[in-house]
Amino acid sequence: MAAITLATALSQDAPRPALPALPAPLGVPKPGPAGDAPYSPLPILPGGVVVPLYPPGSPFLKAERVREAEQYNMSQTVPGRINSIVNIHNPSIEVHTVDRGLNTGAAVILAAGGGHNTLNVW
């Protein structure tokens, strides 16, 4: 028991290597071009696939606003971090799959809050 205590004490006093530098912030997608079809956002994270929740022409979409681009509100303290997304008129989910060898068939859905107009990202 004394050997474990001594080893623990020595390891706490040993100099620790410096942490690596933080990676550069991810690029935030620019709003997609407006067109005749409902606005479709770009994935926020690399490798994501955006899947709209409603088909074009759905009565659940506001036809007069469905072509407007979303707006990203960025963090003032964390570079590259999105605090919220507003002006959402064509709701969607972003899917990220895993390598086939790791795929168990399970899924996790993260549904951030914010009501019907804002997506708060924390």
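One table, with the values for the structure above:
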{"item": "Close pairs (9 angstrom Cβ cut-off, 6 or more residues apart or separate chains): at positive phi in region 40-67, surrounded by 13 or more Cβ atoms within 10 Å (Cβ to Cβ) and at pLDDT below 85 anywhere", "result": "Gly57/Pro38"}
{"item": "Of all residues in region 28-53 being under 16 Å from Val95 (Cβ atoms) and surrounded by 14 or more Cβ atoms within 10 Å (Cβ to Cβ), the one that is modelled with the lowest pLDDT", "result": "Pro29"}
{"item": "In region 1-27, residue surrounded by the fewest Cβ atoms within 10 Å (Cβ to Cβ) [restricted to those that are assigned to a helix (DSSP H, G or I) and at pLDDT 60 or above]", "result": "Asp13"}
{"item": "Lone unmet requirement of (1) at pLDDT 85 or above; (2) in a loop (DSSP other than H, G, I, E, B); (3) under 30 Å from Arg67 (Cβ atoms) for Asn117", "result": "(1)"}
{"item": "Any hit, region 103-112, residues being modelled with pLDDT of 85 or more and of a type in the set (S, T, N, Q)", "result": "yes"}
{"item": "Pick from region 84-104, criterion within 14 Å of the chain's Cα centre (by Cα) and surrounded by 16 or more Cβ atoms within 10 Å (Cβ to Cβ), ranking: nearest to Val49 (Cα to Cα)", "result": "Ser92"}
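The values are calculated or read from the model by the stated rules, or taken from the named source; none is laboratory data. All figures in this text were calculated on a predicted structure; none of them were measured in a lab. All Cβ positions, even for glycine, are placed from backbone atoms using ideal geometry, and neighbour counts span all protein chains on display.
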